[in-house]
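Data first, discussion second: the structure below is written as structure tokens.
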Ligand SMILES: C[S@@+](CC[C@H](N)C(=O)[O-])C[C@H]1O[C@@H](n2cnc3c(N)ncnc32)[C@H](O)[C@@H]1O
């Protein structure tokens, strides 16, 4: 039993499994919190703060959060059931899934129903949230695997309670207004990771990709926030399969670096090979002492990778 709530998205790149390592490293007594790259919402839904702001460039995702926020949970569950019934969705009916997907994509973007998109995603392969360049949802059917199952429903009910009062936005991170963040506030950044980029975690999914320039822009914003006394934490990967994000490695030397234990290669028998090592980190501009009582924070971390400063 985790003390953290899982978002009802199963979002690729979602931080749910890492929350027991991340959340204890976040500051106490947060006034305003910004989740700059909110994704499926695993992080903002598990942070305590006076005010929460959540942003993601993927406006389809943000539209779903807003649509969930706007209605009572019983109404939302009723609407989801109605869509499943009328569209005859199941774990085996590929034809109905494809018909429903075509129906959704045929509607002009501004008139699409975000709750329909949520249901579509629930029956799609690996619950991926993927679009083509014309902003058509293009994830294939999740035969025998994906559905709006009881676990998803339970996650949705818990998540829905957390949406109350959250301020959502959908902008490129470099366009956000950071001027009203001040000392006492906290910004969490979980951008796409440049060196682990692949079809599953490119951060793109129908939107713009992530480049070296984006990393540099992000570091500059975090530096500026830090100078103004705003606390930040940045999740990222410094090394992956023999590659190093050199700009990140250099930039993080000015801050505190905490090793995060996540084995991307747990199904790979060659995980001991140096070429397969993934070094995931949380970089903070504040000190955080983890006591023995905190959950598994350094479990299996290799000595020497714990802290790099
Ligand atoms: C690693 S995922 C975040 C996962 C999230 N922390 C979670 O727990 O689900 C990165 C997110 O960044 C978003 N993104 C990519 N480029 C962006 C940009 N330029 N500005 C804002 N968001 C962006 C992607 O849509 C994706 O949802």
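Odds and ends about this structure:
- The stretch 139-196 versus the stretch 227-260: alpha-carbon centroid distance in Å: 21 Å
- Average projection area in nm² (convex hull over Cα atoms of the stretch 63-161, one quarter of hull surface): 6.0 nm²
- Normalised by the number of residues in the stretch 63-161, the average gap of Cα pairs under 8 Å and 6 or more apart makes the relative contact order 29 percent.
- Length-normalised contact order of the stretch 1-108 in % [C-alpha pairs under 8 Å, at least 6 apart]: 19 percent
- Here the label points at residue 243 and residue 161, each 7 Å from Cα along the C-beta direction, are separated by 4.2 nm in the simple model.
- Listing 287, 239 from fewest to most neighbouring C-beta atoms within 10 Å gives 287, 239.
- Taking all C-alpha pairs of the stretch 39-96, those more than 16 Å from each other amount to 62 percent.
Computed from the coordinates by the stated procedures, all read-outs in this text should not be read as laboratory data. Note that the coordinates shown come from a computational prediction; the quantities given were computed from them, not determined experimentally. As a convention, Cβ positions derive from the backbone with ideal geometry for all residues, glycine included, and neighbour counts pool all protein chains shown.
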